[in-house]
Each structure stands twice: as structure tokens, then as C-alpha cells.
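**Q** What follows is a structure written as C-alpha cells; I'll ask about it next.
Readers should treat all values here as calculations from the given coordinates under stated rules, not as data from a laboratory. Predicted model, so just to flag it, every value in this text is computed and none were measured. All Cβ positions, glycine included, derive from the backbone under ideal geometry; neighbour counts span all protein chains shown.
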Amino acid sequence: MQQFQVLLFYKYVPIEDPAALRLWQIELGTKYGLRGRVIVATEGINATLEGTKENTELYLKEYLADPRFSDTHIKRSVGTGDDFPRLSVKVRADIISNSAKLDVDPRSMTGKRLSPDELHAWYAAGKNDFYIVDMRNDYELKVGQFEGTIFPGLQNFRDLTIKKDEIAHLKDKTVLTVCTGGVRCEKASGYLVKEGFKDVYQLDGGIVSFMEKYPGEGFKGSLYVFDKRKTVHFDTPETHTVIGHCDLCGSNTENYENCTNNLCHLHFLLCENCKLERGGEPYCSDDCKRAVDASKISS
């Protein structure tokens with residue numbers, strides 16, 4: 001039985017010819033039968049790729065041989081073999097969608113890197129004079145977050161420019177920015193430095209790196225991921241804690257759905273019982289169910 005692996009990585013590095021990098025990534029991904037998403041820009045590369053364990057490692061051997069990417073922090077997790085529909089490689093203005101308005105270059109301005117081991121040591125020593133600020137989107141935090149997390153209220157990462165006042169009281173404190181794999185918290189940490197925050201760290205490798213080394217410690221629940229798996233965790237079923245709640249009835253769940261009403265299409269948490277009560281379809285509200293039922297009758 002084949003083992004599948006998901007690679008998650010990014011690198012802020014000057015790219016003179018993003019179009020050429022795109023073609024190389026298409027060539028490599030096709031060569032090794034990989035699927036997933038790659039974004040390239042003049043500021044670097046951001047990728048999530050899946051394939052067999054053997055082929056993803058062969059891909060990495062060629063990718064890491066390029067001096068521009070040789071020190072890329074690679075995160076590996078178990079895949080299903082069907083987590084992405086296809087290989088998509090695109091050139092964008094930045095490697096985080098619409099983050100250019102932050103007007104910060106992580107290659108020259110960023111917070112201090114804090115490794116998972118160092119964060120774990122902070123916890124073990126009882127250090128409590130730091131503040132974890134989560135730079136993910138609101139729906140991601142529903143199923144997992146660090147204990148004591150401070151959340152600025154981002155619906156999209158670009159909202160940080162208008163939500164920075166929510167954490168202005170931390171300007172003179174020790175702040176640790178976190179996100180899934182590190183790409184957002186690295187840029188966010190640079191933005192906070194630019195905005196006058198005095199002592200800013202970024203979690204090196206993101207939440208996934210901490211969870212993998214210290215499952216069930218500090219970070220509770222599961223990590224939201226942008227593929228068919230939706231969530232991942234590294235602790236055992238016996239020790240895993242579900243902190244997500246169904247948006248309809250409040251029962252514990254980690255099951256994400258998109259509302260069947262295409263005019264809504266809300267991404268929300270829905271338990272199996274509530275889904276069954278609505279005929280097996282994921283409706284975020286009775287109003288959305290009635291709207292879809294009405295459209296079926298009229299058509």
C-alpha cells in the first residue's frame with residue numbers, strides 16, 4: 001500500500017523571474033505526479049503539495065538543490081492521496097493573497113524567530129509575560145488554537161491593516177505571531193515591527209511544526225488546513241480534545257461544510273446530527289434551506 005505525503009513550505013527570497021519559476025514548478029510537479037497549490041511571486045514561493053512519499057522526497061531533492069531554496073523549512077504530514085484535485089501553479093503579486101497592502105518585506109523586516117522547542121521551553125519554565133497573537137482567519141480558530149490566544153478578528157489576512165488597533169495595547173509587550181505554516185506570521189511580525197511594536201517574535205515553521213513535536217501541549221484541538229482533509233492533529237484519539245462547536249446546535253465537532261445555498265456558501269462547522277436533520281445537506285440556517293427549496297419549486 002502506497003504512503004502519501006503532504007509538503008507544506010514557503011520561502012521569502014528574491015525571485016527575478018517568477019514566470020520561469022512557475023514553469024519549473026509545473027515541470028517538477030508533473031514529473032513526480034504531484035498535486036496541490038504553488039504560488040510564486042517576486043518575494044518568494046508558497047506551496048502545499050501532495051504525492052507518494054517517494055515522489056515528494058524526489059521532488060524535494062531537486063527543489064532544495066536550488067541555492068535560493070536550500071534552507072527552506074519543509075513541513076511534512078500524512079496525506080490521503082486525494083487531498084487536491086490537480087496541480088495549480090500561479091504567479092501572483094505576493095505569496096499571501098492580497099497581502100501587498102501591508103507594505104512590508106519579510107526579507108528585510110521581520111520579528112525574531114522562535115522555534116517550537118523554544119516556545120515549549122517558555123511553557124515549561126512557566127513564562128507568562130508573552131502574548132500569542134493568531135494571524136489566521138476567524139473560521140480557522142474555531143477548531144484549534146493556543147491557550148490564551150489573542151485574536152485581532154481577521155476574516156482575511158489583509159484585514160491586519162485595519163485590525164491592528166485591536167492589539168495596540170501589546171505594543172510594549174512580548175508578542176509571538178502564529179499561523180499555520182509560518183508564511184503569514186512571518187509577514188505579520190514584520191508588519192508589527194514596522195508599526196512600532198517593541199518585542200516581536202514569529203513561531204518558526206508555524207503551528208504545524210509545534211503540534212508535530214508537542215502534540216496536545218499548548219495548542220488545543222486541530223489545525224485547519226486548506227485541502228480535503230480540512231483538519232489535522234498529531235495526538236492520539238484517546239488524548240485528542242475537540243474544541244470546535246457546531247454553529248447550529250453547539251455540540252462538539254470538527255466537521256466543516258459549505259452552505260448548499262450558493263448565494264451564501266458560508267464555510268461553517270456542522271455536526272452530523274444537524275446535517276441529517278436537514279436531509280443530509282449542509283445548510284447554515286433554516287432560511288438558506290427554505291431559499292434552496294423555493295428555488296427548486298420555481299424551477
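**Q** Test of the criteria: in the range 52-158, which GluC sites (Glu not before Pro) are in a DSSP loop and have at most 10 other Cβ atoms within 10 angstrom of their Cβ?
**A** When the GluC sites (Glu not before Pro) of the range 52-158 are filtered for loop state and at most 10 Cβ neighbours within 10 Å, Glu147 remain.
**Q** Given H placed 1.01 Å from N in the peptide plane, which residues other than close sequence neighbours of Gly44 have an amide H under 5 Å from its amide H?
**A** Val13, Ile15
**Q** What is the order of Leu102, Leu263, Leu64, fewest Cβ neighbours within 10 Å to most?
**A** Result, fewest neighbours first: Leu263, Leu64, Leu102.
**Q** Provide the gained length on full extension for the span Glu27 to Glu147, in nm with one decimal, where the gain is 0.36 nm per separating residue minus the Cα-Cα distance.
**A** Result: 39.0 nm gained on full extension.
**Q** Kirkwood-based Rg over Rh for the range 4-91 (C-alpha set), two decimals?
**A** Here Rg/Rh amounts to 0.93.
**Q** Hey, another quick one. With only alpha-carbon pairs counted, each pair once and no self-pairs, how large is the Kirkwood hydrodynamic radius of the chain in angstroms?
**A** 20.6
**Q** Rg to Rh ratio, the range 73-210, alpha-carbon atoms and Kirkwood radius?
**A** 0.97
**Q** While we're here: For the range 219-236, just list the computed ³J(HN,Hα) in residue order, Karplus coefficients 6.51, -1.76 and 1.60, θ = phi - 60°, integers in Hz, with x standing in for Gly and Pro.
**A** Couplings: 9, 9, x, 10, 9, 6, 10, 9, 8, 5, 5, 6, 9, 9, 8, 10, 7, 7 Hz.
**Q** For a test of understanding, tell me how many lysine pairs in the range 37-195 have Cα atoms under 18 Å apart, given they are 8 or more places apart or on different chains.
**A** The number of close lysine pairs in the range 37-195 is 23.
**Q** Follow-up. Quick query: amide H of Gln202 versus all other amide H atoms, modeled in the peptide plane; which residues come in under 5 Å with a sequence gap of 5 or more or a different chain?
**A** For Gln202, whose amide H was placed from the backbone, the distant partners under 5 Å are Lys112, Arg113, Leu114, Thr177.
**Q** Can you report the principal axis dimensions of the range 134-249 using only the alpha carbons, biggest first, rounded to whole angstrom?
**A** Dimensions of the range 134-249 along the principal axes of its Cα atoms: 44, 33, 24 Å.
**Q** Report ³J(HN,Hα) in whole Hz for each residue of the range 142-155, in order, from the Karplus equation J = 6.51 cos²θ - 1.76 cosθ + 1.60 where θ = phi - 60°; Gly and Pro get x.
**A** Here the 3J(HN,Hα) series is 4, 9, x, 6, 5, 4, x, 4, 9, 10, x, x, 8, 8 Hz.
**Q** Relative to the Cα centre, what is the charge dipole magnitude of the range 256-298, using +1 at the beta carbon of each Lys and Arg, -1 at the beta carbon of each Asp and Glu, and rounding to the nearest 20 debye?
**A** 120
**Q** Show me, for the range 68-80, the HN-Hα J-couplings you get by feeding each phi into the Karplus relation (A = 6.51, B = -1.76, C = 1.60, θ = phi - 60°), rounded to Hz, glycine and proline as x.
**A** 5, 10, 4, 9, 4, 7, 9, 9, 10, 8, 6, x, 9
**Q** So who's got an amide H within less than 5 Å of the one on Ile243, skipping anything under 5 residues away but keeping other chains? H placed 1.01 Å off N, in plane.
**A** Sorted by chain and number, the residues that satisfy this are Ser222.
**Q** Between the range 180-212 and the range 89-164, what is the C-alpha centre distance in whole Å?
**A** The distance from the Cα centre of the range 180-212 to that of the range 89-164 comes to 5 Å.
**Q** Return Cys185, Cys274 ranked ascending by Cβ neighbour count within 10 Å, so the fewest neighbours appear first.
**A** Ordered by Cβ neighbours within 10 Å, fewest first: Cys274, Cys185.
**Q** Can you tell me the order of 83-95, 232-244 when each peptide is scored by its average per-residue count of other Cβ atoms within 10 angstrom, highest first?
**A** Ranked from most to least packed, the peptides come out as 83-95, 232-244.
**Q** If you don't mind, there's one more thing I want to ask. Which value at 222 nm does the chain reach when only helices count, each DSSP H run of 4 or more adding -39,500 (n - 2.57), with the total divided by all residues and rounded to the nearest 500 deg cm²/dmol?
**A** -8000 deg cm²/dmol
**Q** Roughly how big is the chain's charge dipole about its Cα centre, with Cβ charges of +1 (Lys, Arg) and -1 (Asp, Glu), in debye to the nearest 20?
**A** Its charge dipole is roughly 540 debye.
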